[in-house]
Amino acid sequence: MAAVVVARPAQPLAAAIALIIALGTGTFAGLGSTATWRRQSNDASFALLRMHDLRVTLPEGATVAETTLSTAIDRLPHADWVTARAERLVGSTQVDASGPGHTVLTPGEVVGITLDASASDLAVDGLHRARGRTLRADDDGRPVAVLEQSYAEHFDLPATGALTVSGGKRLDYVGTGTSPQHFIVTGPRGMLFAEANFATLFVPLHTAQEILGRAGQVNEAVLRVSGTADLAKLERELTAALPDVGLTFTRRADEPAVRMLYEDIDNDQQFWNVIGGLVLAGATFAAFNLTSRMIDAQRRQLGVGMALGTPAHLLALRPLLVGVQIAALGVVAGVAVGYLLDVWLRGVFSSVLPLPIWHTPFQPAVFARAAALGFVLPVAAAAVPVWRAVRVEPVEAIRVGHLAPARRGVLGLAGHTRWRGRITRRMPVRNILRAPRRALLTALAIGAAITTMVATIGLIDSFVETLDRGEAEATHHAADRFIVELDGFYPRDAPELRELAALPEVRAAEPRLRLYGTASPAAPTTDQVELILELVDFDAGMWSPTLTAGNRTAVTDGGLVLAEKAADDLHVTVGDRVAVRHPRRVGASYELVTTQLTVAALQPGPLRSLAFLDINQARVFNLTGLTNVVDIRPRAGVSDDTLVRAVFVQPGVASVESVTATVRAVREALEDFFGVLRVVEAVVLLLAVLIAFNATSIGIDEGARQHATMLAFGLGPRTVLSIAAAEMAAIGLIGTLLGLAGGRAVLAWVTSIQLQRTMPDVRVDAYLAPGTLLTAAVLGILAVAAAPLLLTRRIQTMDVPATLRVLE
């Protein structure tokens with residue numbers, strides 16, 4: 001009889017608890033595999049395309065004659081360190097990839113590469129073919145290109161087609177692909193996920209010179225060096241060889257694609273480990289609590305067995321086997337859950353990161369760790385109550401109900417309190433106080449699930465809030481503003497600018513300047529921030545940044561406006577001086593100089609690199625009277641596409657885009673990343689519901705005599721279920737409060753530490769939207785409280801006489 005009584009309820013509960021373990025261990029193992037995948041894939045992809053070790057770049061707008069850089073490199077004292085080198089011409093353009101029924105009109109850049117035989121076989125920075133074909137040596141000078149694959153996939157463009165670039169020039173793209181430097185696409189202002197609004201065209205060098213109007217000119221060189229090369233010495237030798245050019249150097253490790261792909265690995269893995277660990281922790285608390293409660297419910301049967309003389313080790317065997325059964329089911333199902341999650345993650349990573357090679361091997365070590373934990377916990381949870389039961393006298397184990405040994409602790413203390421109200425209203429609280437350990441473990445399990453949900457949804461909230469903040473800052477006073485980037489520096493009264501301002505679609509046009517540099521504190525330090533220097537009219541301009549500290553008078557007097565994040569990273573504030581290294585025009589060329597500037601104000605934009613000077617400071621760069629950027633506003637009734645197309649074909653125009661276009665593009669590009677978080681959110685929701693349902697199911701079994709007594713005295717099933725719902729709601733409330741506090745702490749850690757390492761150029765503040773708090777409350781309280789309703793039929797069909805018929 002005992003065997004039958006034990007077996008019937010144990011099987012469905014064992015399966016349900018095993019599913020909880022499977023969700024926890026599978027999620028932990030699945031999310032824990034990504035670091036190895038990414039590191040192996042990065043290594044193989046960069047090696048395949050022979051990523052450069054050093055990139056040599058001329059100042060913005062500067063070029064030199066073709067072969068100048070190559071000749072200088074070949075004549076270096078340590079030229080033998082250079083194993084491969086190639087010249088390039090890189091410049092901004094506008095790309096029109098529109099077709100029948102769709103408009104694709106975005107800014108972009110042309111990357112002119114020197115072709116040897118086949119672009120995929122280049123000695124440095126090869127070109128990976130995704131679809132169509134790559135470039136060939138006989139393409140040099142022809143109007144053909146390879147379109148960056150992420151951009152093509154984002155807009156669902158065909159493998160081959162026609163494009164129009166600035167000046168109305170037509171290009172045929174013969175395929176889609178990528179290069180090592182463009183594994184992660186960054187926009188012209190350093191914005192990430194730029195593939196949604198920024199086109200990269202890989203073209204032959206002489207084709208690029210024709211498109212950009214730079215016949216016989218280059219502005220970059222990329223080098224591969226031997227393992228014994230001293231990059232610092234090589235940089236000094238190149239600077240000495242071309243003293244009047246103002247070269248800047250970017251090492252391989254400092255390239256945004258390399259830095260983000262490799263630095264992201266450990267940082268992202270820490271985040272996924274935290275998320276997977278929280279899911280596993282919730283499953284752990286739930287499995288331990290539910291298994292121990294299930295075995296505890298067999299205490300009477302163990303007492304009967306001991307009274308009949310059955311050896312303790314034989315009595316302990318069956319409940320321990322139940323724990324082993326749960327563990328085995330959980331481990332097997334956990335491997336399946338983890339494998340399915342891995343399959344899904346492979347697709348997400350390969351779509352977000354267009355690497356030519358992806359290695360996604362099964363990670364047995366990661367799964368073994370999760371499986372070991374998933375196996376040990378249920379067995380331990382079964383062993384603890386069994387060990388307690390077999391150590392007491394048989395009569396104590398047999399006693400139930402009012403004859404059971406008195407419980408002390410919280411309920412004993414609460415017994416001195418005078419309770420008011422009906423007994424049915426006091427019962428949920430008394431049930432919790434009667435078994436506080438069980439209630440706390442259940443609340444902790446729910447709290448871990450809520451923590452994970454709040455952290456994952458909160459991360460989405462934080463990104464969205466950052467984008468909203470950036471959009472609001474860019475559009476205040478001029479929400480319809482467009483930024484026109486010119487293909488070089490022009491006098492402010494140049495015919496090209498007069499024609500642009502005279503367009504019937506343009507209501508207002510304001511020339512300004514954009515330059516690039518770096519800033520560091522005036523005192524010697526290793527702190528350094530790359531800057532995009534925007535020179536705008538702070539007195540009567542179309543747009544200027546909001547100032548959160550400092551004042552405009554100090555800015556117009558020559559002070560620098562830094563982003564709040566840049567000031568924090570440089571450890572400076574208003575009134576401090578910083579050393580800004582920037583290009584300065586010298587004749588027809590540029591030199592890099594360092595100027596001491598005072599921080600006059602701070603601005604709230606999320607991009608660390610954006611810094612501002614008043615337009616009257618153009619003299620610092622020897623660019624007085626010149627411009628390379630124009631802000632324009634459309635006339636009333638002119639659509640965005642109409643304005644862009646009108647400006648697009650104007651001479652001197654490299655690109656044009658709305659100030660909100662980048663933000664919209666980033667929102668779209670983040671959807672794939674958000675998809676990962678939403679899967680975790682779904683797992684957490686299922687986990688919380690399972691925990692609540694199983695806890696309630698076991699609670700109904702444990703309180704069967706209590707419920708039967710209430711039914712026998714005339715209380716209806718609705719009252720019995722309302723007591724159980726109130727008890728679970730109270731436990732859910734505790735778990736929700738713990739989860740909100742834990743989720744807010746995890747979110748603060750991710751935004752202040754993890755994202756600071758992964759995305760140092762963007763300020764993302766921890767933010768929880770009201771909808772997230774409401775979702776947490778609905779999941780943690782209402783969904784948990786509603787779990788007893790799933791057991792309505794069990795209460796309604798309860799055999800009251802049989803349940804009460806227990807021989808004391």
- Task: Looking at the range 513-648, send over the antiparallel percent of its DSSP beta bridges, to the nearest 5.
- Result: 75 percent
- Query: How many percent of the alpha carbon pairs in the range 447-515 exceed a separation of 13 Å?
  - Reply: 76 percent
- Message: Using a 7 Å offset from Cα along Cα-Cβ at ARG136, what residues in the range 146-185 end up with backbone N under 18 Å from the label point?
- Response: 146-147, 160-161, 172-177
- With a Förster radius of 60 Å, plug the Cβ-Cβ distance of GLU153 and LEU314 into 1/(1 + (r/R0)^6) and report the FRET value to the nearest 0.05. 0.40
- If the label point sits 7 Å along Cα→Cβ of THR792, residues of the range 717-758 with amide N under 15 Å come out as 717-725
- Message: Need the full-extension length gain, ARG664 to ALA802, defined as separation in residues times 0.36 nm minus the C-alpha distance. One decimal, nm.
- Response: 43.1 nm
- Task: Working from Cα positions, state the angle (0 to 90°, nearest 10) between the long axis of helix 436-475 and the longest principal axis of the chain.
- Result: 20 degrees
- Query: So how far apart, in nm, are the two label points at ASP557 and ASP539 if each is 7 Å from Cα heading toward Cβ?
  - Reply: 1.6 nm
- Item | Relative contact order for the chain, counting Cα pairs under 8 Å that sit 6 or more residues apart, in percent | 18 percent
- Message: Could you work out what % of the accessible surface of the chain is carbon and sulfur, using a 1.4 angstrom probe and leaving DNA, RNA and ligands out of the count?
- Response: 58 percent
- Query: Got a sec to turn the phi values of the range 749-760 into Karplus ³J(HN,Hα) couplings, 6.51 cos²θ - 1.76 cosθ + 1.60 with θ = phi - 60°, whole Hz, x for Gly and Pro?
  - Reply: 5, 5, 6, 8, 10, 5, 5, 5, 7, 6, 10, x
- Query: Once the Cα atoms of the range 45-119 are picked out, what are the Rg and Dmax in Å?
  - Reply: 16.9, 58
- Message: Suppose the Debye formula is applied to equal point scatterers at every Cα of the range 246-370; what is log10 I(q)/I(0) at q = 0.12, 0.16, 0.17 Å⁻¹?
- Response: -0.70, -0.96, -1.03
- Per residue accessible area of the chain, 1.4 Å probe, in Å²: 41 Å²
- Task: With r as the distance between the Cβ atoms of ASN273 and THR624 and R0 = 41 Å, compute the FRET efficiency 1/(1 + (r/R0)^6) and round to 0.05.
- Result: 0.15
- Note on the structure: In whole Å, largest first, the alpha carbons of the range 430-568 cover along the principal axes 86, 48, 29
- Query: So if we plug the beta-carbon distance of ALA636 and THR475 into 1/(1 + (r/R0)^6) with R0 = 25 Å, what FRET efficiency do we get, rounded to 0.05?
  - Reply: 0.90
- From the square roots a ≥ b ≥ c of the eigenvalues of the alpha-carbon gyration tensor of the range 501-540, which class results: rounded (a/c under 1.5), prolate (a/b over b/c), or oblate? prolate
- Rank by packing, highest mean first: peptides 78-87, 435-444, 779-788, with packing defined as the count of other Cβ atoms within 10 Å averaged across residues. 779-788, 435-444, 78-87
- Long-range Cα-Cα pairs in the chain (distance over 37 Å), rounded percent: 54 percent
- What 222 nm value per residue comes from the helices of the chain, counting each DSSP H run with n ≥ 4 as -39,500 (n - 2.57) and dividing by all residues, nearest 500 deg cm²/dmol? -16000 deg cm²/dmol
- Query: Which cross-chain or sequence-distant (5 or more) residues have an amide H under 5 Å from the amide H of ALA508, H modelled 1.01 Å from N in plane?
  - Reply: ARG633
- Report the full-extension gain for the segment ILE357 to ASP527: residue separation times 0.36 nm, less the Cα-Cα distance, to one decimal in nm. 57.7 nm
- Task: Using packing as a proxy for protection, rank 446-458, 230-242, 531-543 so that the peptide with the highest average count of other Cβ atoms within 10 Å comes first.
- Result: 446-458, 531-543, 230-242
- Quick calc: nm separation of the 7 Å Cα→Cβ label points for ARG388 and VAL649 -> 8.3 nm
- Query: Which of the trypsin sites (Lys or Arg not before Pro) across the range 594-659 are loop residues per DSSP, with 14 or fewer other Cβ within 10 Å?
  - Reply: ARG635
- Query: What length, rounded to one decimal in nm, is gained on full extension from ALA748 through to ALA44, with 0.36 nm per residue of separation minus their alpha-carbon distance?
  - Reply: 250.0 nm
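The values are calculated or read from the model by the stated rules, or taken from the named source; none is laboratory data. Keep in mind the model is a prediction, meaning the values are calculated, not measured. Cβ: placed from backbone, ideal geometry, glycine included. Neighbour counts: every protein chain shown. Please note that ligands, DNA and RNA were not included when accessible areas were found on the heavy atoms of the full protein model with its side chains. Shrake-Rupley method; radii C 1.70, N 1.55, O 1.52, S 1.80 Å.
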